[in-house]
Amino acid sequence: MKQSSGFFPTLREAPKEAEAKSHVLMLRAGLIRQLAAGLYIYLPLGWRALRNVEAIVREEMDAAGAIEVLMPSLQPDLLWKQSGRWDVMGPEMMRLQDRNEREFVLGPTHEEVITSLVASEIRSYRDLPKNLYQIQTKFRDEIRPRFGVVRAREFIMKDGYSFDVDDDGAGVSYQAMYDAYARLFHRCGLTAMPVEADTGVMGGSRSHEFMVPAEIGESEIVSCGACDYRANRELTESSAPESVSSANALPLEEVHTPNQRTIEEVAAFLKVEPASMIKTLIFTDGEKPFVVLMRGDCAVNEIKVAKAVGKPVELASPETIQQVTGAPVGFAGPVGLTGVDVWADLSIKSIGVGVTGANKADYHLKNVAIDRDFTVDRWADLRLAEPGDVCPKCGKGTLSMTLGIEVGHVFVLGTKYSTALNAVYTDEKGERRPMVMGCYGIGVSRTLAAVVEENSDDKGIVWPVTVAPYHVHLLNLSPKSEEVTKASAELYDGLRAAGFSVLLDDRDERPGVKFNDADLLGLPYRVIVGEKGLKSGQIEFVQRKSLEKEPIAPADVIARVKGLYAEELSRFTP
RNA sequence: CGGGGUGUAGCGCAGCCUGGUAGCGCAACUGCUUUGGGAGCAGUGGGUCGGAGGUUCGAAUCCUCUCACCCCGACCA
């Protein structure tokens, strides 16, 4: 492709709306342009790179036995009402009506559609297992679109769904996808690490997220320094601390704590450690409020709470808190609370005798003893893991935390959707049973952003050969010179005949402009044809990675590119 | 949804406080020179100052409303 006749707009300065490295580079290099918040146009370079990612995904999915289909983005309300998610999904799901006021959804995902398809087409164990996938546009009205294509409202996703006869079969399907994901992210030039992940309130037994470490990552990954434990912080377990006896507690004492509301304020005011305070949080599960007790120096993991309760939960409003505790926010405590369930984190057992709110404005209680002064209805691990915690798996190492971009998620779903949408089969004995499902997602457009995020330097993108929109950037430094143009054309044809995609910079621009644009675009191999060198039969070859220039004879260019390409490709192929 | 910020030429910005009819750099266009790391000189074109309403003789500037985009938060009592 000739740069002069294509559509390759570059930006000299970074647009002010972009902050993330990948966002800035994708805008500047002319991969994308923003249409509105969370909506992006893919320009030719971005679209080519995106299609390369898609091709890798397809190859690996097909190789793993998955079958490609394409489902509509627009979906009827009925399926969502059947699965129960019409009500669960909330405003994140884009809803609209047709001219007859029938309700539709712009699909945020496709479990409902695929399950109804399979339900109507597959009836026998003989037809199972099946693994179907698609690469398609998804819509989610994100609470806050961010970082360009990393969190968009319309984005491209590979979503796959497996249907098996039983849990064992689902495990096999799951593992095949897990392995395919590891291969395919590696091929994209990403260090994507699988991390144990939350299966959500919906249930499901196994789940891993594939995370690319990045500054702008929105997920917190916890990993052990001593063993191979890696997990999303959301689901990292906390081991129970040792219990401390409260047998010798002094009598309960009310203390005046005017305007001291937070743990820090009260701890400082009463000169006690936050670790000896009982933090009292009022949650609601949508129907009724309940209480969660947490040691003052620890944070509550809301996901763990939701799992323990079995429903989505949120912190209660100040009004509800007033109702439950009889006091304004900041003075809640478990002593004397009635009519609500009291959950307590295991860490509470290590307090023994503590300090907590008195359920009365501007008062706290000292010498609070567990069992003597209040009772706990249920104990559970509800604590948010912190860096420095002891590893819950090996018990030896300590945990550290990094941020990651979630590029893929594999999931054993179980029978939730097959039951709701009647995807059942008849087994060998003639019994009807629900299929056991798995689902497997890849944020394809986000993966592209992750590739840029991970592969760049201060001058621009440094594409891995597998995803690069073109293999070779051929710079004709003197388009007005017949010899240079002729030599460039020959190289262009030769490289293409050898199977490489080539971007030919034939623009009437100064060399400096071309060099800077080439650095920005970041194509792996650069061939520079200039007037001076050509006179002595020499041109120049540059690898984008190193930016080191090597003189080369035109006749040797193809062999050089071939050699490097083969070498590099082998590095990206597991 | 809450808080903060920004909207002025294609891009990046100044002007706003203290009202007087819009400017800088880059880009674009023309000419000449230049041609291996974002050229020089000379010239040209381009702006509903996000939108609506108001105050005023007069509004980019002050006031009200509104829209868009960005950032932080939407979990700790």
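The values are calculated or read from the model by the stated rules, or taken from the named source; none is laboratory data. Please read these numbers as outputs of a predicted model, since none were measured by experiment. Every residue, glycine among them, receives a Cβ derived from its backbone with ideal geometry; neighbour counts consider all protein chains shown. Ligands, DNA and RNA are excluded from the accessible area calculation, which covers all protein heavy atoms including side chains. Shrake-Rupley method; radii C 1.70, N 1.55, O 1.52, S 1.80 Å.
What's the carbon and sulfur percent of segment A:253-380's accessible surface, probe 1.4 angstrom, rounded to a whole number?
Roughly 50 percent, rounded to a whole number.
Report the calculated FRET efficiency for A:I41 and A:L70 (r = Cβ-Cβ distance, R0 = 25 Å), to the nearest 0.05. According to the calculation, E is roughly 0.70. Rounded to the nearest whole Hz, the Karplus-based 3J(HN,Hα) values (6.51 cos²θ - 1.76 cosθ + 1.60, θ = phi - 60°) of segment A:395-405 follow the sequence x, 10, x, 9, 8, 10, 10, 9, 9, x, 8, with x at glycine and proline. For the cross-link pairs A:K486/A:K549; A:K271/A:K304; A:K2/A:K562; A:K304/A:K393; A:K279/A:K416; A:K138/A:K416, the ones whose C-alpha atoms lie over 26 Å apart are A:K271/A:K304; A:K279/A:K416.
With the highest mean first, a sort of the peptides A:398-411, A:517-530, A:359-372 on other beta-carbon atoms found within 10 angstrom per residue produces A:517-530, A:398-411, A:359-372. If a/c stays under 1.5 just call it rounded; otherwise compare a/b with b/c (prolate if a/b is bigger, oblate if not). Do that for segment A:42-186, with a ≥ b ≥ c from the square roots of the Cα gyration tensor eigenvalues. Cα axes put segment A:42-186 in the oblate bin.
The mean accessible area for residues of segment A:470-572, using a 1.4 Å probe and ignoring ligands and nucleic acids, is 48 Å² per residue. Isolated cysteines of chain A, defined as having no other cysteine beta carbon under 4.7 Å away, are A:C188, A:C298, A:C439. The 3J(HN,Hα) values that the Karplus relation (6.51, -1.76, 1.60; θ = phi - 60°) gives for segment A:236-245 are, in residue order, 5, 6, 10, 6, 6, x, 5, 6, 10, 6 Hz. Gly and Pro appear as x.
For chain A, the dipole from Cβ point charges (+1 on Lys and Arg, -1 on Asp and Glu) about the Cα centre works out to 1040 debye, to the nearest 20. With both labels modelled 7 Å from their Cα along Cα-to-Cβ, the A:K549 to A:A566 distance reads 2.9 nm.
In order along segment A:331-342, the phi-based Karplus estimate (6.51 cos²θ - 1.76 cosθ + 1.60, θ = phi - 60°) of 3J(HN,Hα) comes to 10, 7, x, x, 6, x, 6, 10, x, 10, 5, 10 Hz; Gly and Pro are listed as x. Per-residue ellipticity at 222 nm, computed for chain A from helices alone with -39500 (n - 2.57) per DSSP H run of at least four residues, works out to -8500 deg cm²/dmol. Positive end of the dipole of segment A:152-303 (Cβ unit charges, origin at the Cα centre): among A:F283, A:H208, A:L270, the Cα lying farthest that way belongs to A:L270. Taking amide H as placed 1.01 Å from N in the peptide plane, the amide H of A:L504 sits under 5 Å from that of A:K2, A:Q3, A:L474, each at least 5 places away or on another chain. Using a 1.4 angstrom probe and counting only protein chains, how large is the accessible area of A:S22 in Å², to 10? About 0 Å², rounded to the nearest 10.
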